[in-house]
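First the structure, then my questions, so here it is.
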């Protein structure tokens with residue numbers, strides 16, 4: 001046996017706004033109504049004038065708004081900056097959500113994120129058949145072990161997981177920690193909001209020769225592992241820990257973004273953090 005070390009929101013168009021003519025606009029030629037309307041508009045707050053101008057299709061009308069700024073702020077692109085990790089979490093959830101929505105009797109057969117034959121180094125996936133859906137997330141930082149005492153804030157990941165739970169997708173958490181640390185891991189997940197209810201399954205090592213690979217394979221017998229998240233390739237299959245030539249597994253890169261997603265849940269602490277320069 002081989003030992004192991006290791007999607008946007010749609011914008012909704014605003015409802016059309018209609019302006020009903022009031023009594024002041026009931027002039028034969030319309031001039032009296034126009035004069036009174038303009039007079040009333042002059043008494044409106046600047047922001048209300050702008051809204052009226054937009055309704056009337058006069059968006060180019062300039063409106064002076066009082067401000068205490070001494071200089072204009074720099075222009076913005078209109079897009080919020082999204083971190084690479086947050087984007088990966090979103091892609092992870094979108095991929096899993098699409099597979100979870102498939103009807104096993106009518107739609108294309110779901111494929112597991114586990115390799116059918118790892119020794120062949122080809123991206124051939126194990127079929128799922130009629131098992132329920134699940135995703136697996138590796139907690140261990142690259143070349144290290146998860147530390148339940150190191151808190152983290154991952155709102156993007158928490159949001160992604162909430163979306164999957166709504167689709168009845170089970171969440172499995174994996175680590176090389178021993179099973180006696182299960183309570184610490186569960187408390188960490190609850191505190192960070194990644195498993196606020198405490199219903200996710202935690203897969204730790206139970207005995208001396210247990211491995212994360214065997215835990216993945218056991219989980220796959222209970223549920224279809226449609227997607228996996230980790231910060232290194234060996235979080236998806238232990239074979240990556242034993243390759244003499246990493247380029248030999250280049251064919252498995254086809255799994256990245258389509259079942260395998262690379263992003264950390266917990267990063268290794270900076271040894272220089274807290275030290276003065």
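Looking at the structure I just gave you, is residue 243 part of a strand (DSSP E or B), assigned by TED's automatic domain parsing to the domain that holds residue 215 and either surrounded by fewer than 21 Cβ atoms within 10 Å (Cβ to Cβ) or at pLDDT 95 or above (or both)?
Spelling it out, it is not the case that residue 243 is part of a strand (DSSP E or B), assigned by TED's automatic domain parsing to the domain that holds residue 215 and either surrounded by fewer than 21 Cβ atoms within 10 Å (Cβ to Cβ) or at pLDDT 95 or above (or both).
Now, a different point. Quick one: which of 249, 220 is farther than 17 Å from residue 161 by Cα, touching a strand residue (DSSP E or B) at 6+ places or on another chain (Cβ under 9 Å), part of a helix (DSSP H, G or I) and at pLDDT below 95?
Testing whether each residue is farther than 17 Å from residue 161 by Cα, touching a strand residue (DSSP E or B) at 6+ places or on another chain (Cβ under 9 Å), part of a helix (DSSP H, G or I) and at pLDDT below 95 leaves just 220.
Follow-up. Restricting attention to region 164-184, report how many residues are assigned to a helix (DSSP H, G or I) and surrounded by fewer than 19 Cβ atoms within 10 Å (Cβ to Cβ).
Residues meeting the conditions: 7.
Another question, then. Give me a count of the residues in region 203-234 that are under 23 Å from the mean Cα position of the chain (by Cα) and over 26 Å from residue 102 (Cα atoms).
Summing the residues that are under 23 Å from the mean Cα position of the chain (by Cα) and over 26 Å from residue 102 (Cα atoms) in region 203-234 gives 5.
Looking at (1) surrounded by 14 or more Cβ atoms within 10 Å (Cβ to Cβ); (2) over 28 Å from residue 104 (Cβ atoms); (3) at pLDDT 95 or above, which is the only condition residue 187 fails?
(1)
Follow-up question, since we're still on this one. Would you mind finding the one in 205, 161, 157 that is in contact with a helix residue (DSSP H, G or I) (Cβ under 6 Å, 6 or more places away or on another chain), surrounded by 15 or more Cβ atoms within 10 Å (Cβ to Cβ) and in the same structural domain as residue 136 (by TED's automatic domain parsing)?
Of 205, 161, 157, the one residue that is in contact with a helix residue (DSSP H, G or I) (Cβ under 6 Å, 6 or more places away or on another chain), surrounded by 15 or more Cβ atoms within 10 Å (Cβ to Cβ) and in the same structural domain as residue 136 (by TED's automatic domain parsing) is 157.
Can you name the number of the only condition in (1) within 30 Å of residue 250 (Cβ to Cβ); (2) in contact with a helix residue (DSSP H, G or I) (Cβ under 7 Å, 6 or more places away or on another chain) that residue 95 fails?
Evaluating residue 95 over (1) within 30 Å of residue 250 (Cβ to Cβ); (2) in contact with a helix residue (DSSP H, G or I) (Cβ under 7 Å, 6 or more places away or on another chain) leaves (2) as the failure.
For residue 209, are the conditions met, namely being touching a strand residue (DSSP E or B) at 6+ places or on another chain (Cβ under 9 Å) and in a loop (DSSP other than H, G, I, E, B)?
Considered against the rule, which asks whether it is touching a strand residue (DSSP E or B) at 6+ places or on another chain (Cβ under 9 Å) and in a loop (DSSP other than H, G, I, E, B), residue 209 comes out as no.
Going by the structure shown, is residue 52 surrounded by 13 or more Cβ atoms within 10 Å (Cβ to Cβ) and modelled with pLDDT of 85 or more?
no
The values are calculated or read from the model by the stated rules, or taken from the named source; none is laboratory data. Given the structure is predicted, the values throughout are model-derived calculations rather than measurements. Cβ sites come from the backbone with ideal geometry, for glycine too, and all protein chains shown count toward neighbours.
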